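Report on the following structure.
Read the figures in this text as sums done on the coordinates, not as results from a lab. Bear in mind that the values here come from a model prediction, so they are computed numbers and not experimental data. All Cβ positions, glycine included, derive from the backbone under ideal geometry; neighbour counts span all protein chains shown.
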Amino acid sequence: MTKIEAFRPAAMPVGAREAPPCAFVAFGAPGDLTRRKLMPALYNLTLPGLLPERFAAVGVGRRAWSDEAFRGEMERAVGEFSRTDGVDPEVWHGFAAKLAFVEGDFEAPATYSSLARKLDALDRDGALGGNRLFYLATPPSEFPVILQRLKAEGLIQPPGGEAWTRVIVEKPFGRDLESARALNALLAHVLDESQTFRIDHYLGKETVQNILVFRFANSMFEPLWNRKYVDHVEITAAETVGVGTRGRFYEETGVLRDIVQNHLLEVLALTAMEPPTTGGAEDIRGEKLKVLHALRVPWDDTIPRDVALGQYRGYRDEPGVARDSVTPTFAALRVFVDNWRWQGVPFYLRAGKRLAKRVTEVALHMQTIPLCLFGRQDVCERTEPNVLTLRIQPDEGIQLQFASKIPGHDLAVGSVLMDMKYTEAFGGEPPEAYERLLLDAMRGDATLFSRRDAVEASWTWITPVLDYFQRNPPQGFPDYEPGSWGPESCDDLVRRDRRTWRTL
Ligand SMILES: NC(=O)c1ccc[n+]([C@@H]2O[C@H](COP(=O)([O-])OP(=O)(O)OC[C@H]3O[C@@H](n4cnc5c(N)ncnc54)[C@H](OP(=O)(O)O)[C@@H]3O)[C@@H](O)[C@H]2O)c1
């Protein structure tokens with residue numbers, strides 16, 4: 001098989017569409033997200049020519065920065081955080097000319113009139129087509145005032161006109177069902193849903209997108225992708241790091257809100273969804289929504305059996321963490337998708353910090369063979385079921401485990417792996433999630449962004465679990481050693497079903 005050539009082309013990749021002219025406006029541009037992710041992503045999009053020639057990126061924040069000072073700050077940020085080696089002076093020169101800064105507090109109406117003047121100047125003679133992409137890279141508490149003032153200043157055009165306005169909102173999308181609904185109502189008051197782009201960078205990862213491609217661009221796997229052949233599914237998102245300096249934030253969040261409600265349910269929905277009618281955003285998002293609606297509702301009498309929480313030893317000593325904190329840093333859940341395809345197949349989810357290995361993956365464990373044909377029970381007992389693993393990060397790739405005869409004069413069976421690694425197959429690191437997502441938002445493709453109904457469906461499902469543990473705080477925390485695979489209760493959860501977690 002020919003190896004597919006390098007990922008980082010000098011020219012625009014085949015089939016890629018350039019974004020239309022537009023102004024990109026980052027509220028909170030002096031902050032961490034803009035420096036570490038957004039600016040490096042925009043810079044990297046210029047390299048293969050994916051950013052439009054007629055483009056401007058405007059930062060808004062409370063710094064007394066001139067345009068020139070902003071460019072210097074962003075050059076340092078790109079130099080430090082871009083996945084590419086250093087900043088190419090020639091490319092940077094062209095890119096920097098498109099950067100501008102507006103100083104101001106988000107609460108002050110004057111900030112928005114300055115911004116309007118700046119945008120008018122940049123859009124002189126229709127250079128940017130009147131198109132605007134606002135990015136709220138700010139704490140969620142700032143969303144209401146920014147949206148209301150943008151609207152009041154006439155900076156948000158309704159959909160359907162020649163020029164478009166879109167707004168990218170950063171997660172968290174609420175902290176429970178009620179607050180998610182309130183945020184959605186606020187967004188709906190100012191924007192049409194078609195203008196609202198809720199970003200979860202997880203969905204921009206190549207390997208997450210590849211779940212769909214793997215399933216629907218290969219005819220041989222789809223017939224097996226159901227309760228007839230799949231015994232159970234494991235979805236793991238394990239980190240080796242602790243909360244570090246984010247203790248205060250994490251205390252308010254915990255693993256259920258930080259990882260399970262969004263990332264794990266997104267991955268579960270992509271894994272379990274039906275084939276969409278078309279590859280269009282609404283069809284794909286519609287099928288994912290059906291999975292969320294089919295999740296078996298957690299009840300007070302099933303939650304203690306189906307959800308195991310844990311906290312790593314040492315968490316309570318992290319800065320910003322209460323000495324008697326019961327915030328979980330680990331969760332394992334047994335989830336059922338009550339539909340025709342998946343009835344009775346458990347989906348085991350686990351996520352946590354300070355675990356033995358950094359790994360995110362989906363593993364489909366196929367059923368055991370129905371009959372032992374080799375005349376020797378001991379051989380058949382050692383035959384492990386097939387496991388198909390989609391590795392999301394790191395070592396991105398796909399593995400298939402199957403049984404094979406071990407060469408020799410006797411009949412012996414062992415498990416072997418077929419292993420596809422992205423870096424070997426495609427010869428380079430895949431692009432950063434933010435690159436793809438920013439480009440899609442400019443092109444108006446919402447496939448990889450979270451829709452209002454899906455956000456509310458995932459909160460509807462997990463809120464009873466959050467409420468249960470609010471009323472019944474976990475006992476015995478901290479309960480797992482850093483560098484382990486979580487608390488004993490995690491193993492119990494699968495042991496009850498006569499299963500074990502995959503060794504990673
Ligand atoms: N950082 C990441 O990698 C990451 C990843 C995923 C999601 N997010 C989300 O992205 C958002 C931004 O995160 P971040 O890490 O960039 O936060 P951050 O570093 O705290 O940046 C927020 C920015 O907003 C500015 N700001 C806040 N209130 C303001 C006001 N009233 N007027 C003017 N400026 C104001 C801050 O200004 P000052 O600097 O002057 O305080 C700061 O520049 C958050 O919702 C976060 O949850 C971040």
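Hey, what do the phi angles of the stretch 323-338 turn into as Karplus ³J(HN,Hα) couplings, whole Hz, using 6.51/-1.76/1.60 and θ = phi - 60°, x for Gly and Pro?
For the stretch 323-338, the Karplus curve yields 5, 10, 4, 10, 5, x, 10, 9, 9, 10, 9, 10, 10, 10, 9, 7 Hz.
For the chain, build the charge dipole from Cβ charges (+1 Lys, Arg; -1 Asp, Glu) around the Cα centre, then report which of Ala69, Val169, Ala457 sits farthest towards its positive end.
Toward the positive end, the furthest listed residue is Ala457.
Quick check on the chain: helices-only [θ] at 222 nm, where DSSP H runs of length 4 and up contribute -39,500 (n - 2.57) each and the sum goes over total residues. Nearest 500, please. Walk me through the numbers on the way to the answer.
On the way: 16 runs with 164 residues, N = 504.
Result for the chain: -9500 deg cm²/dmol, rounded to the nearest 500.
With a cut-off of 8 Å between alpha carbons and a minimum separation of six or more residues, what is the relative contact order of the stretch 22-170 in percent?
Numbers: 221 pairs, mean separation 45.1, N = 149.
This gives 30 percent for the stretch 22-170.
Using only Cα atoms and rounding to the nearest 10 degrees, what angle (0 to 90) does helix 206-216 make with the longest principal axis of the chain?
The angle comes out at about 60 degrees.
Using the Cα atoms of the chain to build a convex hull, what is its mean projected area in square nanometres?
On the way: hull surface 105.6 nm².
Dividing the Cα hull surface by four gives the mean projection, 26.4 nm².
Once you've got the Cα coordinates, tell me which of Lys171/Lys421; Lys37/Lys353; Lys171/Lys353; Lys205/Lys288 are over 24 Å apart. Show your work: numbers first, answer last.
Working: Lys171/Lys421 30 Å; Lys37/Lys353 22 Å; Lys171/Lys353 20 Å; Lys205/Lys288 17 Å.
Table pairs above 24 Å Cα-Cα are Lys171/Lys421.
Tell me which residues come under 5 Å, amide H to amide H, from Ala412 once H is placed; ignore anything under 5 positions away on its chain.
Here Ile406 satisfy the definition.
Sorted by packing (mean other beta-carbon atoms within 10 Å per residue), highest first, where do 245-255, 46-56 land? Don't jump to the answer; show the numbers that get you there.
Working: 245-255: 16.7, 46-56: 18.8.
Result, highest mean Cβ count within 10 Å first: 46-56, 245-255.
Hey, in the chain, which Cys have no second cysteine's beta-carbon closer than 4.7 Å?
Cys22, Cys490
Using a 7 Å offset from the Cα along the Cα-to-Cβ direction at both Ala127 and Glu142, what is the distance between the two label points in nm, to one decimal?
Simple spin-label model gives 2.6 nm for this pair.
Can you find, among Val359, Phe24, Gly310, the residue sitting farthest towards the positive end of the charge dipole of the chain, where Lys and Arg contribute +1 and Asp and Glu -1 at Cβ?
Of Val359, Phe24, Gly310, it is Gly310.
Quick one: what are the phi-derived ³J(HN,Hα) couplings along the stretch 36-52, Karplus 6.51/-1.76/1.60 with θ = phi - 60°, whole Hz, x for glycine and proline?
7, 10, 5, 5, x, 5, 4, 4, 5, 6, 6, 4, x, x, 8, 7, x
Dipole of the stretch 203-495, Cα-centred, from +1 at each Lys and Arg C-beta and -1 at each Asp and Glu C-beta, to the nearest 20 debye?
My answer is approximately 160 debye.
Give me a comma-separated list of calculated 3J(HN,Hα) values for the stretch 386-394, in order, Karplus coefficients 6.51, -1.76, 1.60 applied at θ = phi - 60°, integers in Hz, x for any Gly or Pro.
With the stated coefficients, the stretch 386-394 comes to 5, 10, 10, 10, 9, 8, 8, 6, x Hz.
Under 5 Å between amide hydrogens, which residues at least 5 positions from Arg358 or on another chain qualify, with H placed 1.01 Å from N in the peptide plane?
Here the answer is Thr240, since their amide H atoms fall under 5 Å of that of Arg358.
Can you run the Rg to Rh ratio on the stretch 361-426? Use alpha carbon positions and the Kirkwood inverse-distance Rh. Don't jump to the answer; show the numbers that get you there.
Numbers: Rg = 14.5 Å, Rh = 13.4 Å.
With Rg and the Kirkwood Rh in hand, the quotient comes to 1.09.
How would Tyr434, Tyr315 line up from fewest to most surrounding beta-carbon atoms within 10 angstrom? Working shown, then result.
Details: Tyr434 21, Tyr315 26.
Final ranking by Cβ density, sparse to dense: Tyr434, Tyr315.
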